[in-house]
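Step one of this worksheet: look at the structure below.
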């Protein structure tokens with residue numbers, strides 16, 4: 001592996017994701033390799049690799065004869081994305097429910113507890129995003145199916161944290177975020193496959209419905 005090339009690719013991925021979060025890149029914005037190359041003082045090869053990674057994650061879309069753009073979603077696409085993501089993650093997690101260890105459960109409980117402390121201390125909900133990301137990574141950690149994981153991430157994991165971040169932080173109070181994750185941990189501990197499947201599926205379904213409504217209101221303004 002060309003370590004420097006790999007590092008530059010990671011740098012570009014991080015730069016574009018940060019640019020999405022800070023509003024530099026809005027949904028529908030064209031991503032120009034030459035501009036990034038000049039901005040970061042690197043060649044265009046790792047930029048192309050980075051864009052392929054982001055296309056795979058669903059954050060960038062390639063339109064033939066036109067170029068690469070930051071993905072843009074309408075309310076229905078948001079609902080569909082979350083509905084699909086919920087079904088996939090629920091099925092994936094439940095298919096390996098016996099593989100989660102006591103250590104995995106403890107880590108999930110610790111993350112939920114950190115969420116509770118964020119709520120208790122009145123800290124901004126933005127602090128929940130990295131905790132939410134760690135929570136779902138632990139759930140994904142026992143799933144030995146790369147294709148399924150790719151579909152899960154593409155459906156709504158990466159999308160919700162980047163393209164829809166401005167909506168994501170409006171969905172729930174910090175207390176609600178804590179309880180939404182606590183019930184998943186508690187159900188996983190019980191080992192009830194059917195209840196767990198419903199919990200995870202509804203976790204995404206409700207979020208997708210709320211997010212699509214916020215998006216719809218913004219579009220109508």
**Study point:** Index of the failed condition, residue 32 passing every other in (1) surrounded by fewer than 17 Cβ atoms within 10 Å (Cβ to Cβ); (2) under 26 Å from residue 151 (Cβ atoms); (3) touching a strand residue (DSSP E or B) at 6+ places or on another chain (Cβ under 8 Å)
**Key:** (2)
Review point. Looking at residue 107, is it in contact with a strand residue (DSSP E or B) (Cβ under 8 Å, 6 or more places away or on another chain), modelled with pLDDT of 95 or more and more than 18 Å from residue 208 (Cα to Cα)?
Key: no
**Study point:** Residues (assigned to a helix (DSSP H, G or I), without any contact (Cβ under 8 Å) to a residue 24 or more places away in the chain and more than 20 Å from residue 209 (Cβ to Cβ)) located in region 52-82
**Key:** 52, 55
Check your understanding: From 115, 211, which residue is over 22 Å from residue 88 (Cβ atoms) and surrounded by 18 or more Cβ atoms within 10 Å (Cβ to Cβ)?
Key -> 115
Point to revise | The lone exception for residue 89 - which of (1) more than 15 Å from the chain's Cα centre (by Cα); (2) assigned by TED's automatic domain parsing to the domain that holds residue 151 it fails | key: (1)
**Study point:** residue 11 vs. criteria touching a strand residue (DSSP E or B) at 6+ places or on another chain (Cβ under 6 Å) and at pLDDT 90 or above
**Key:** no
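The values are calculated or read from the model by the stated rules, or taken from the named source; none is laboratory data. A quick note: this is a predicted structure, and the numbers were derived from the prediction, not measured. For neighbour counting, all protein chains shown are included, and Cβ atoms are generated from backbone atoms with ideal geometry for every residue, glycine included.
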